[in-house]
Each structure stands twice: as C-alpha cells, then as structure tokens.
Amino acid sequence: MENHPLALPVGTTLDRFIKLKQDDFDFATGELSQLLRDIALAGKIVNREISRSGLMNIEGAFGSQNVQGEEQQKLDVIANIRFKRALKYGGEVCAIVSEEDEGIIDLNNPNSKYIVAIDPLDGSSNIDVNVSIGTIFSIYHRISEPGGEVTMEDVLQPGINQVAAGYLLYGSSNMLVYTTGKGATGFTYEPSLGEYFLSHQKITAPEGGNIYSINEGSYLSFEKPMVQFVEWCKEQKLTARYIGSLVADFHRNMLKGGIYIYPKTEKSPNGKLRLLYECNALAFIMEQAGGKASDGHQRIMEIKPTELHQRVPFYVGSKALVEKAESFERDKAVDLA
Ligand code: AHM
Ligand code: MG
C-alpha cells in the first residue's frame, strides 16, 4: 500500500480496501469498485454452493455440453448463473463473455461501460472430488459508445486493455486475488463473518523457482522444444506439481516460484486454455506480481483476439523459468531457419 497514506493491516475488509484504492484513481466514479464488490458477492455464494455440493445433489454432469463440446457440470451451470445475475443486477456491466455461453451475453444495461470475460468455474474435472477449483475474470472498458449494442470489437480486446482482473480460489480456504494494475492483492474469506479480509498485501512472484506444472500424460504428443524443456526441468531436479485446476496451480506457483505450462498437444493443437477468460487475467496478475506470461513466443497480453473462445498455448510463472521455456521455443525457430 506504499502509495496510500494509511497503512492497511492484515484483516482490512475487501470493501474498505476497494474504497481506499478507489481514491488512488483520478476521476474514479466508483463503478469499478461496485463491480468488484458484485464479483465478491457472487464468489461468496458460489463458495457456499461448492462447500455444500456433496449434500445438495448438485454434483455431477448437468447433461449438456458447452460451446466447446465439453460436458457441463451442474456447478459450472450454477456458477455461471450466479455471476451473470450479480453482474446484471449490479448494473455496471453491459455484456459478458463466458466459457459456458456461445455468444456475447447482453445484460440489458446499455449505459454501463464495462465488459467482463469470465470462466465462472474452472477445473471441471476436480469439481466432484473435493479438489481446489476457481473462477477467473477480466474487466474491460467498452470501446463503443454506451447506449448502443455491444460489438465484437468491445469484447475482442487484447489483455493490455484490461482495467482489472482477478480470480477466486475455492481451496483449503476461499481467496480472492485481484489487480487494477497497481500490484496484485489477495483476500481470504472468513466464513463466520461472511467477509473477505486482506491477507496478501503485495504479492511478489519469486524470480525463479523449483516447481514445474504440466500434464505430462501428453508428453508423447508435445512438440520437441517442450519435450526438451521438460527434460531440462528433470535435469535441474525441479519438482513436478500438477493439480489440473489452473487457478490452484497458478496460485501455488505465484507464491512459491514455478512455471505452469499448457502447451500445444495432439489433442489440443492450439493449447487448451482460452485467451479471453483464462489466460489474460492470469497473465495480468502474474505480471503485476513480477512474473511473466507468454504463448512461448509472444506476451499473452499483446495477442489480439480474433474469436471469443480462442485457445492459446500458455506459459506462466516465474520470469526466469518462463524465459527458459521460451528459449527452447526460440532454438527450434533457429533450427528450422
Ligand atoms: P475447464 O475450463 O474445462 O475446467 O478446463 C480448464 C482446466 C484447467 O483448470 C486445467 O489447468 C486444465 O484444464 C487441465 O487440463 P488437462 O486435464 O488436460 O491437464
Ligand atoms: Mg476453464
């Protein structure tokens, strides 16, 4: 909180933190602050549903597929409804792009100036087995004039245009981590008080690290540079950690130092993760924590999206490790020249 006169102790509520940070922005109207509060409210509700899911018959498949042909879990659908509802009635968001919906969702708030891209519940394969899952969100200003219809240009913005981004981690505790471009800050939920409290004031990713996180089950279909990088990790005696829940793998590596990679594979030739509502937000947070995010060649936040559900290879984590992985990709380019 170095640029605020008040020292904020661990235990400051999210609401108070947001209010104090709002004063850091010239001409702030309070709309972004309200939007962040809306997300936190939906996060509390989703957290409650997740923690009781085994008792409420809301585990398992919903019986439908999302636009990407992936089976939707009941909790995927519930979380999508909760976040959409909170953002619609909060009134600050005109449209949403969600992993669970094919097109742009117009929230009928035509005069609102924010767009949200969201993965309401990430880590589907872990939902029913009590393993950490998450929510990921990016917030943008709309480009078109308020009042009219939201356009593709409004939603297909590169990550560098994000005004804020964050995630909720439903883990051994529930956390909300977000950035507005002035560092990354983490809050931990206190269930008996129903509040998020400041717990991680200025998150800093270690420069290096000894964790690598990749689904090695796909090793035989990795491209050569990725095979070589994984071999290098083993030679360096790095530790392998892979939950298969992006937010949880990301959060651990950001705090402890490490790299997460979802590369191109035979099954997912462009990688599996989605640029708009998975990679951009985490890239923004990792950069704010001093780390790095790329597709192996290019900074994630500079990629200009061309489709709502576009996938990209994702390399994110400690700067030195991401740069090492990129160096294997570059050497391949030199080999081919
Ligand atoms: P989802 O959006 O369907 O949940 O898929 C995203 C998840 C990430 O959380 C995780 O890192 C990755 O998929 C795991 O994929 P895989 O099982 O192929 O390793
Ligand atoms: Mg997802």
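The values are calculated or read from the model by the stated rules, or taken from the named source; none is laboratory data. The shown structure was predicted, so the numbers you read here are calculated from the model rather than taken from an experiment. For neighbour counting, all protein chains shown are included, and Cβ atoms are generated from backbone atoms with ideal geometry for every residue, glycine included. Please note that ligands, DNA and RNA were not included when accessible areas were found on the heavy atoms of the full protein model with its side chains. Shrake-Rupley method; radii C 1.70, N 1.55, O 1.52, S 1.80 Å.
For the range 179-262, a Kirkwood radius taken over Cα pairs fed into Stokes-Einstein (37 °C, viscosity 0.692 mPa s) yields D = 223 µm²/s.
I'm a student and want to see the number: the projected area of the Cα convex hull of the range 14-200, averaged over all directions, in nm². It would help to have the intermediate numbers written out before the result.
Working: hull surface 43.2 nm².
Spelled out: convex hull of the Cα atoms, projected over all directions, averaged, 10.8 nm².
With only Lys, Arg, Asp and Glu charged, each at its Cβ (+1 for the first two, -1 for the last two), find how big the charge dipole of the range 1-152 is about the Cα centre; round to the nearest 20 debye.
Numbers: 14 positive and 23 negative charges, 132 e Å.
Value, rounded to 20: 640 debye.
Near Asn215: Cβ cut-off under 14 Å, other residues only, Lys/Arg at +1 and Asp/Glu at -1. The net charge is +1. Cross-link pairs exceeding 22 Å in C-alpha to C-alpha distance, out of Lys224/Lys256; Lys234/Lys319; Lys202/Lys324; Lys234/Lys332; Lys74/Lys264; Lys74/Lys267, comprise Lys224/Lys256; Lys202/Lys324; Lys74/Lys264; Lys74/Lys267. Taking the protein heavy atoms of the range 1-156 in the context of the full set of protein chains, the accessible area attributed to carbon and sulfur is 51 percent at 1.4 Å.
Among the GluC sites (Glu not before Pro) in the range 152-213, those located in a DSSP loop and surrounded by at most 16 other Cβ atoms within 10 Å of their own Cβ are Glu207. Loop by DSSP (not H, G, I, E, B), at most 12 other beta-carbon atoms within 10 Å: where is the longest site-free stretch of the chain for trypsin sites (Lys or Arg not before Pro)? That gives 53-236 as the longest site-free run.
Accessible area of the range 211-329 with a 1.4 Å probe: how many percent of it is carbon plus sulfur?
Numbers: 2130 of 4520 Å².
Carbon and sulfur atoms account for 47 percent of the accessible area of the range 211-329.
Please compute, over every Cα-Cα pair in the range 271-337, the percentage with a separation greater than 13 angstrom. In whole percent, the long-distance tail amounts to 61.
Rounded to the nearest 10 degrees, the inclination of helix 319-336 to the longest alpha-carbon principal axis of the chain is 50 degrees.
May I ask you to give the solvent-accessible area per residue for the range 187-337, in square angstrom, as obtained with a 1.4 angstrom probe?
Numbers: 6580 Å² over 151 residues.
Per residue, the range 187-337 has 44 Å² of solvent-accessible surface.
The mean sequence separation of alpha-carbon pairs under 8 Å and at least six residues apart, normalised by the residue count of the range 234-292, gives a relative contact order of 21 percent. When the chymotrypsin sites (Phe, Trp or Tyr not before Pro) in the range 258-331 are filtered for DSSP coil states and for at most 11 other beta-carbon atoms within 10 Å of their beta-carbon, no site remains.
Filter the GluC sites (Glu not before Pro) in the range 247-289 to those in DSSP coil with at most 10 other Cβ atoms within 10 Å of their Cβ, and list the result. Walk me through the numbers before you get to the answer.
Numbers: sites: Glu266, Glu278, Glu287; in loops: Glu266.
For GluC sites (Glu not before Pro) across the range 247-289 that sit outside H, G, I, E and B with at most 10 neighbouring Cβ atoms in 10 Å, the list reads Glu266.
Seen against the Cα atoms of the chain and their longest principal axis, helix 74-90 is set at about 50 degrees. Measuring between their Cα centroids, the range 239-297 and the range 55-95 lie 23 Å from each other.
If I fit a long axis through the Cα atoms of helix 246-256 and take the longest principal axis of the Cα atoms of the chain, what angle between them do I get, 0 to 90°, rounded to 10? With rounding to tens, the tilt is 80 degrees.
What is the mean projected area of the alpha carbon convex hull for the chain, to one decimal in square nanometres? Walk me through the intermediate numbers first.
On the way: hull surface 69.9 nm².
For the Cα atoms of the chain, the hull's average projected area reads 17.5 nm².
For the range 14-200, what does the relative contact order come out to in percent, with C-alpha contacts under 8 Å and a separation of six or more?
Numbers: 331 pairs, mean separation 27.3, N = 187.
Reported as a whole number, the value is 15 percent.
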